[in-house]
């Protein structure tokens, strides 16, 4: 079995820092646009679930403000992920 570089080694490699790409297909699927959309949807769900659970137990005004801020923040992330423009593909010019 060929030796695979560690995840930290890949993340800190010069090529990854310069190009912003990791050659591992699993990481590319996690950090893809679809992965970001699903991740932000899960974030909204979990934050709303936690806020609702603590609201059912009873919260004071400061806790309500924090819960509302957390829910609005996660919704903001979800909206930003969906409206963020996709990076334009630029063709490289070849010098002769």
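Points worth noting:
Matching residues to (1) modelled with pLDDT of 90 or more; (2) outside any helix (DSSP H, G or I):
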position: 37; (1), (2): no, no
position: 50; (1), (2): yes, no
position: 53; (1), (2): yes, no
position: 65; (1), (2): yes, no
position: 74; (1), (2): yes, no
position: 79; (1), (2): yes, no
position: 82; (1), (2): no, no
position: 87; (1), (2): no, yes
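- In the stretch 70-91, the residues that are closer than 23 Å to residue 52 by Cα never reach a residue that is loosely packed, with under 10 Cβ neighbours inside 10 Å with C-beta atoms less than 7 angstrom apart, at least six apart or across chains.
- Evaluated against (1) modelled with pLDDT of 60 or more; (2) not in a loop (DSSP other than H, G, I, E, B), residue 10 falls short on exactly one condition, (1).
The values are calculated or read from the model by the stated rules, or taken from the named source; none is laboratory data. Computed from a predicted model, the values in this text were never measured in an experiment. Here Cβ is always computed from backbone atoms with ideal geometry, including for glycine, and neighbour counts include all displayed protein chains.
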